[in-house]
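Working notes for the structure below.
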Amino acid sequence: MPKIHLSCQYKYNGKSRTDLTPNQKKIKKKIISDFKNGVIKWEKNKCRCSANNDLIVANKDRLGFKLRIVLCKECGLVRADPRISEKDIGLFYEKYYRKLFTYGINEKIQEEILLNNFNGELKRGRDILFNFVKKHTPLTNGVVFDFGAGTGGMLKVFKDAGFETFGVDLNENYLDYGRKMGLNLKKGSIDELKSFHKKADLVIASHIIEHLHRIDIYLKKIWECLKDNGYLYVELPGIFNQRDFSEFFVIEHLYYFTLKNLKKILGENRFHFIAGNEIIRALFQKSSQKYNLKITKQHINDILVFFRIGDIPIPINGLNLIKNKKKLKNKIILITVSILYKTRFVNIIVQLKNIFLNLQLNKLYVFKLFLKQFFSYASPRINE
Ligand SMILES: [Zn+2]
């Protein structure tokens, strides 16, 4: 049995970290009953390094589902174990996942969600083009694939810059929206990219890899659909980019990464690291050789420190409390805590707490982390 390294914020209590609407509560109940009745099954998720040396770091997801998250002490990879079975994950996405966030929303709001999504993708697309492709590659034109294209906003940026673009996604609503914007999008998974009969200079995999049951097989497919020396851009929620973790562990994410963990897996699959950050946004290049990156004990400890950062209680529903309780004293307390939180002072307190309580951790590292948190105030956490 794995050992436990649970932070108080991840103990299972069935409660969601954020307020759920009545519709979301209804769907959550249905999902729980589907798990109970075996309509959606769990399966064992052995670490890809095949070691059996895990620490439990969480026992719940953000909506309050029972979900065990473990960290492999050998390779440092964080994963859900058990996870929703490969056979049933399609059913889960089809039947519940979108509904959980859009059910009961009228058409006008749906349209707004799609527009917001497209605009968000445009912004991220510009970041890829200007901060990664133009800075680190010689590409000025060529073929771009977006695997998990959504509404196609990222491709739009590349299309406007003179690239030839193709995208696949599973969500028909999103695809329709992108097609109206003049983009070449198809419904399907990565295998559908073959139907474009092209090889890519750049593949974008944005918020995909953390959902995959078979990461290595997909990376092999991406490797095969790239031209020699082609590029792979990966975006996913990084462990070291989290601040309060209240939304981090989710039932549909099977893996969680630091940049190093990601570099290790991609290196083993013949992708050479070019540039990246802990958000995570990273650029890799197709290579003919494998790269073996060793994950140190120190790195694994660093991850554990991060999982305990949120141990200090933070009133997430602070604004609701202000609305409900009109007492001036409550308002002042909550506004003060919000300001402290926004200015990262809470993080600093937590860091100090970690220094004093977790004596087994590398103190120099915690101190460095504390300084980093303090001075990174100018670059706030970026949401998905
Ligand atoms: Zn492992």
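The values are calculated or read from the model by the stated rules, or taken from the named source; none is laboratory data. Model, not experiment: these values are computed from the prediction. Glycine also receives a Cβ, built like all others from the backbone with ideal geometry; neighbour counts cover every protein chain displayed.
Structure notes:
- T140 crowded, with 16+ Cβ neighbours inside 10 Å and either within 30 Å of D228 (Cα to Cα) or not basic (K, R) (or both): no
- For the stretch 199-239, a residue qualifies if it is of a type in the set (D, E) and more than 14 Å from A149 (Cβ to Cβ), and the qualifying residues are D201, E210, D216, E224, D228.
- Checking each residue of the stretch 93-116 against the condition of being under 25 Å from D201 (Cβ atoms) and in contact with a helix residue (DSSP H, G or I) (Cβ under 7 Å, 6 or more places away or on another chain) gives no match.
- Residues located in the stretch 29-76, provided they are among the hydroxyl-bearing types (S, T, Y) and within 16 Å of the ligand (Cβ to nearest atom): S50
- Among the numbered conditions (1) free of Cβ contacts under 8 Å to residues at least 60 places away in the same chain; (2) surrounded by 14 or more Cβ atoms within 10 Å (Cβ to Cβ); (3) within 25 Å of the chain's Cα centre (by Cα), the only one that A161 does not meet is (3).
- Taking first residues from the stretch 60-89 that are over 21 Å from L266 (Cα atoms) and partners that are more than 16 Å from the ligand (Cβ to nearest atom) and among the acidic types (D, E), the Cβ contacts under 6 Å between residues at least 6 apart in sequence or on separate chains come to R62/E247; L67/D61; P82/E43; S85/E43.
- Against the conditions (1) modelled with pLDDT of 95 or more; (2) assigned by TED's automatic domain parsing to the domain that holds A205, P82 satisfies every one except (2).
- Odd one out for I84 among (1) farther than 28 Å from K294 by Cα; (2) near the ligand (Cβ under 9 Å from one of its atoms): (2)
- Helices (runs of 4 or more DSSP H) fully within the stretch 104-207 that include at least 3 residues being closer than 20 Å to Y93 by Cβ: 107-127, 172-180.
- Listed by first and then second residue, the pairs linking a residue in the stretch 181-197 that is closer than 15 Å to N171 by Cβ to a residue that is surrounded by fewer than 17 Cβ atoms within 10 Å (Cβ to Cβ) and small (G, A, S), with Cβ atoms under 7 Å apart and 6 or more places separating them unless they lie on different chains, are K186/S195.
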